[in-house]
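One structure below.
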Amino acid sequence: MFTYINNFRHQEKKYSINKNLFLYIILGIVYGQDKQHHISPGSVKKCLSVAREKLHHEIGDIRLQGILELERLATYHRPHHGEIIELLAAFVRKSSSQKTNKEIYPDIQAALNVITRIDTHKYLASAQIDLSYTDLRGANLSGANLAGANLYQVNLSGVNLAGANLSGAILSAANLSEANLVGTNLSEAILSAANLSQANLAKANLVKANFYLANLSQTNLQDAILDKANFREAKFSG
């Protein structure tokens with residue numbers, strides 16, 4: 001009886017510590033927003049360095065804080081936007097390789113939220129987001145902007161991509177089985193040898209998309225726009 005009570009109190013104390021850390025992060029962000037408009041270029045580089053170090057911290061809450069700080073820097077300092085997005089993409093590539101199940105880690109989802117903002121691609125030096133070979137199962141990417149992104153061999157099985165912009169994206173050999181792609185823009189996307197079995201592509205824009213050798217068995221293509229799409233040697237059954 002007493003052991004149970006002590007364990008309960010211990011858990012409650014642990015929860016309070018995590019809650020206080022979360023509040024500290026939020027308050028720090030709010031307090032720092034006004035300062036971000038006026039810091040010098042040298043200070044921006046220092047802030048970037050500190051945030052980069054936090055991305056590699058063993059504590060998840062600290063990594064989340066680093067991601068939020070990078071998002072704030074990207075918002076107020078456009079010249080560094082591309083550098084920050086590439087930094088976060090590298091973080092996702094490394095962190096996703098350590099996943100052991102279908103769930104998405106909170107820090108990976110937070111990084112993806114920043115990466116997929118509407119105007120991200122305007123500031124990338126390479127003009128391409130590189131998330132190749134990543135395991136993004138469990139992520140919510142509805143409405144995400146990944147136009148022209150490198151998603152080669154990415155695992156998006158069961159992922160919600162409804163209304164996302166994937167126009168011109170490289171999805172060769174990607175796993176999109178059972179993915180929600182309702183209303184998604186896949187115009188001119190390269191999906192050669194991709195697995196789209198049981199995926200929902202209803203009302204998707206597939207204009208000039210390349211499905212060469214893709215697996216489309218039990219795929220829902222109802223009301224999808226198929227103009228000039230390439231389905232050569234694609235698999236539709238079995």
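The values are calculated or read from the model by the stated rules, or taken from the named source; none is laboratory data. Here the structure is a predicted model, which is why all the values come from computation and not from measurement. Because the Cβ atoms are built from the backbone with ideal geometry, glycine has one as well, and the counts that use them run over all protein chains shown.
To keep it simple, each residue is scored yes or no on (1) modelled with pLDDT of 95 or more; (2) surrounded by 21 or more Cβ atoms within 10 Å (Cβ to Cβ); (3) in a loop (DSSP other than H, G, I, E, B); (4) not assigned by TED's automatic domain parsing to the domain that holds Ile59.
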| position | (1), (2), (3), (4) |
| --- | --- |
| Glu86 | no, no, no, no |
| Lys99 | no, no, yes, no |
| Arg117 | no, no, yes, no |
| Tyr133 | yes, no, yes, yes |
| Ser177 | yes, no, yes, yes |
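Of all residues being of a type in the set (Gly, Ala, Ser) and touching a helix residue (DSSP H, G or I) at 6+ places or on another chain (Cβ under 7 Å) in the stretch 58-92, which is farthest from Asn150 (Cα to Cα)? Just the residue, please.
Of the residues in the stretch 58-92, the ones of a type in the set (Gly, Ala, Ser) are 60, 66, 74, 82, 89-90.
Checking the rest, the ones that are also touching a helix residue (DSSP H, G or I) at 6+ places or on another chain (Cβ under 7 Å) come to 60, 66, 74, 82, 89.
Working: Gly60: 27, Gly66: 24, Ala74: 21, Gly82: 15, Ala89: 11 Å.
Taking the candidates together, the pick is Gly60.
Find the residue count for the stretch 55-67, including only residues that are outside any loop (DSSP other than H, G, I, E, B) and surrounded by fewer than 19 Cβ atoms within 10 Å (Cβ to Cβ).
Residues meeting the conditions: 3.
The residues in the stretch 24-71 that are closer than 23 Å to Ile108 by Cβ and at pLDDT below 65 can be counted, and the count is 5.
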